[in-house]
Amino acid sequence: MRDVAVIGIGCTRFGEHWNRSFRDLFVEAGALALEDAKLSGEKIDAMYVGNMSAGRFIEQEHIGALIADYAGMATRHIPATRVEAACASGGLAFRQAVIAVASGMEDIVVAAGVEKMTDVEPGASTDALTGAADREWEGFVGATFPGLYAMIATDYMHKYHMTREQLAQVAVKNHYNGARNPIAQFPQEITLDTVLKSTMVAEPLRLFDCSPITDGAAAVIVAPLDRAREFTDTPIKVLATAQASDTIALHDRRDISTLDASVAAGQRAFKMAKLTNKDINMVEVHDCFSIAEICAIEDLGFCRKGTAGKFTADGETAIGGKIPVNTSGGLKACGHPVGATGIKQVCEIVQQLRGDAGRRQVENAKIGMTHNVGGTGATVAVHILGRV
C-alpha cells in the first residue's frame with residue numbers, strides 16, 4: 001500500500017442557493033480544488049462522488065456520469081463513481097479515493113460530495129432524509145431524525161444527568177466557530193438563551209440543536225505521497241481511513257446513547273495510524289444534532305462516558321481548549337448538505353494543518369481527525385490526517 005496525501009481542496013459556500021444548480025455547485029468545488037493543487041483536469045484518473053439523494057431532491061440519478069460530464073472529463077472516459085451512505089456519503093467517497101491511490105490502481109483522484117436540498121418543500125426533504133433510517137420500522141411509524149436523536153438525548157440525559165444548558169453549549173460553541181468561517185451557512189454567534197428559548201422540535205431538542213437543510217459541494221484531490229510535492233508545498237498525509245457499520249434501526253442497538261460504529265471506526269483509525277486520541281490536535285465530528293457531538297467525543301475517546309456535557313461547558317472543546325471540536329462550525333453552523341459534509345470536514349482539517357484557517361486557527365496543529373456518520377450511526381467513516 002502506498003502512502004497517500006491530499007494535494008488540493010475546494011468548497012463552495014454552504015447555504016440556500018436558489019439561483020444555482022446542482023451542477024453549478026459541484027463544478028465550482030472541483031475547479032477550486034484543481035486550482036488549489038495547480039492541476040488541470042487532464043491529470044485526474046478517477047472520481048468518487050458522495051451524494052445521498054439527488055433522485056429525491058432534484059430528480060436526477062446517474063450522478064457519477066453527470067459530474068464527469070459537467071466537470072469536462074467525460075470525453076476522457078475516466079471512471080466516475082457515486083458513493084451513497086446517507087450522511088456519511090462524503091466520508092466514504094474520500095475513503096474510496098484514498099484506497100484507489102493507496103492500492104496503486106490510480107494516481108490522482110478526486111473525492112467530492114454534493115447535495116442540493118432546498119429545491120423541494122421541507123416535508124419532502126424530511127421524508128427523503130428519513131430514508132437513511134429504517135423505513136419499515138422507524139419511518140413508517142412517524143420517526144424522523146429529530147425524533148430519533150431526541151430519543152438518544154433523552155436516554156443519555158437520564159443515564160448521565162447532563163443538563164439542558166450543557167447540551168446547548170455545543171451549539172453556542174459551534175456558532176462561535178462558524179462565525180469565523182466564510183463558507184458557513186449561519187456565520188453568526190448565538191447565546192445560551194438563543195438555544196434554550198428556540199422552538200421545540202423533539203423534546204429535548206430545540207431548533208438550535210438541529211443542523212439545517214443546505215445546498216453545497218466540496219472536493220479534495222489525493223495523490224501518492226511521493227508525488228505530492230509536484231503539486232503543493234503543503235501536502236497533508238492521510239494517516240488512517242476506517243469505516244464501521246451498525247444496525248440501521250435504533251431499537252436494535254446494544255446502547256442507543258453510544259454509537260458502537262463510531263467506537264469501532266475510531267479504534268481502527270487509531271490502530272492504523274499508530275496513534276491515540278491524545279495525539280489528535282482537533283477533530284471535526286458529525287454534529288447533525290447537538291447530542292450527536294456529545295456522543296461522538298466520548299465514542300472517540302476524547303473524554304469519559306457521561307462527562308461530555310461538562311467537558312464542553314468547561315471550554316475543553318473550544319479553540320484553545322484540550323481538544324478543539326468542529327472548528328469549522330460543524331454541521332450546526334456550516335450547514336449540512338448531506339453528501340458534501342464528509343468532504344467539507346476533510347477540507348477543514350487540511351486548512352488547519354496548513355495553517356490557513358484564519359481566525360479559527362488551532363495553534364501548532366499537526367494531526368487532525370474527521371468523523372462522518374450515516375443515519376443514527378449505522379455507517380461511520382473516520383479519517384486521520386497529518387502534516388508531513
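Taking segment 239-388 as the region of interest, what is the percent of Cα-Cα pairs per 5 angstrom bin, listed from the shortest bin to the one with the maximum distance?
2, 10, 21, 25, 22, 14, 4, 1, 0
Which net charge results when you count Lys and Arg as +1 and Asp and Glu as -1 among the other residues whose beta-carbon is under 14 Å from that of residue 278?
Details: positive: 274, 304, 322, 366; negative: 279, 316.
Its environment carries a net charge of +2.
Each residue of segment 62-74 in turn: what ³J(HN,Hα) in whole Hz from Karplus with 6.51, -1.76, 1.60 and θ = phi - 60°, glycine and Pro shown as x?
With the stated coefficients, segment 62-74 comes to 6, 5, x, 5, 4, 5, 4, 5, 7, 8, x, 10, 5 Hz.
Find, among the trypsin sites (Lys or Arg not before Pro) in segment 247-293, those assigned to loop by DSSP (not H, G, I, E, B) with at most 15 other beta-carbon atoms within 10 angstrom.
Details: sites: 253, 254, 268, 271, 274, 278; in loops: 253, 254, 274.
Hits after loop and neighbour filter: 254, 274.
Could you tell me which of 262, 225, 196 has its Cα farthest along the dipole of segment 195-277 towards the positive end, charges placed at Cβ (Lys, Arg +1; Asp, Glu -1), taken about the Cα centre?
Sorting the options by dipole projection puts first 225.
Would you pull out the residues with amide H under 5 Å of residue 2's amide H, same chain only if 5 or more places away, H placed 1.01 Å from N?
Correct list: 103, 104.
Under a 1.4 Å probe, what is the accessible area of the chain per residue, stated in Å²?
On the way: 14920 Å² over 388 residues.
Accessible area per residue: 38 Å².
Under a GNM of the chain (C-alpha, springs under 10 Å), which listed residue has the highest mean-square fluctuation: 342, 123, 72?
123
Length gain on complete extension for the stretch residue 121 to residue 267, per 0.36 nm per residue less the alpha carbon to alpha carbon distance? Spell out each step's value before the answer.
On the way: separation 146, 0.36 × 146 = 52.56 nm, distance 3.96 nm.
Contour length minus Cα-Cα distance gives 48.6 nm.
Compute the signed sum of charges (Lys and Arg +1, Asp and Glu -1) over the other residues within less than 9 Å, Cβ to Cβ, of residue 196. Walk me through the numbers on the way to the answer.
On the way: positive: 164, 197, 206; negative: 165, 193.
Within the 9 Å Cβ shell, the charges total +1.
Tell me, what % of the accessible area of segment 298-388 is carbon and sulfur with a 1.4 angstrom probe?
Details: 1040 of 2470 Å².
Of all accessible area on segment 298-388, carbon and sulfur atoms account for 42 percent.
Under the Kirkwood approximation applied to all pairs of distinct alpha-carbon atoms, what is the hydrodynamic radius of segment 111-227 in Å?
Details: mean 1/r = 0.0599 Å⁻¹.
Computed over Cα pairs of segment 111-227, the Kirkwood hydrodynamic radius comes out at 16.7 Å.
For segment 1-103, which chymotrypsin sites (Phe, Trp or Tyr not before Pro) are both in a DSSP coil and crowded by at most 13 other Cβ atoms within 10 Å? Spell out each step's value before the answer.
Numbers: sites: 14, 18, 22, 26, 48, 57, 70, 94; in loops: 14, 18.
Answer in residue order: 18.
Which of [x] 36, 20, 20; [y] 43, 23, 20; [z] 30, 23, 19 is the computed semi-axes √(5λ) of the Cα gyration tensor in Å for the structure on display?
So the structure-derived entry is [z].
Short version: ³J(HN,Hα) in whole Hz for each residue of segment 128-134, in order, from phi by Karplus 6.51 cos²θ - 1.76 cosθ + 1.60 (θ = phi - 60°), x for Gly and Pro, what are they?
Result, ordered by residue: 4, 5, 5, x, 7, 9, 7 Hz.
Tell me, what ³J(HN,Hα) does each residue in segment 347-359 have, in order and in whole Hz, if you take phi through Karplus 6.51 cos²θ - 1.76 cosθ + 1.60 with θ = phi - 60° and put x for Gly and Pro?
4, 5, 5, 4, 4, 4, 5, 6, x, 10, 8, x, 6
Can you pull out the trypsin sites (Lys or Arg not before Pro) in segment 193-239 that DSSP calls coil and that have at most 15 other Cβ atoms within 10 Å? Write down the numbers at each step before the final one.
On the way: sites: 197, 206, 227, 229, 237; in loops: 197.
Taking segment 193-239 and a limit of 15 other Cβ atoms within 10 Å, the loop trypsin sites (Lys or Arg not before Pro) found are 197.
May I ask you to list the aspartates and glutamates whose Cα is less than 16 Å away from that of residue 322, ignoring any residue fewer than eight positions away on the same chain?
Qualifying aspartates and glutamates at Cα under 16 Å: 279, 284, 293, 298, 314, 363.
Could you list, in their original order, any pairs among 38/332; 38/173; 173/366; 38/278; 43/274; 173/274 whose Cα atoms are separated by more than 28 Å?
Working: 38/332 32 Å; 38/173 35 Å; 173/366 22 Å; 38/278 35 Å; 43/274 32 Å; 173/274 30 Å.
Beyond 28 Å: 38/332; 38/173; 38/278; 43/274; 173/274.
In a Gaussian network model over the chain where Cα atoms closer than 10 Å are linked, find which of 93, 240, 333 has the largest mean-square fluctuation.
240
When the helices in the chain are scored as -39500 (n - 2.57) per DSSP H run of 4 or longer and the sum is shared across all residues, what 222 nm value do you end up with, to the nearest 500 deg cm²/dmol? Don't skip to the end; give the middle numbers.
Numbers: 13 runs with 137 residues, N = 388.
The helix contribution divided over the chain gives -10500 deg cm²/dmol.
The values are calculated or read from the model by the stated rules, or taken from the named source; none is laboratory data. In this text, all values refer to a predicted model and were calculated from it rather than measured experimentally. Because the Cβ atoms are built from the backbone with ideal geometry, glycine has one as well, and the counts that use them run over all protein chains shown. Calculation scope for accessible area: heavy atoms of the full protein, side chains included, ligands and nucleic acids excluded. Shrake-Rupley method; radii C 1.70, N 1.55, O 1.52, S 1.80 Å.
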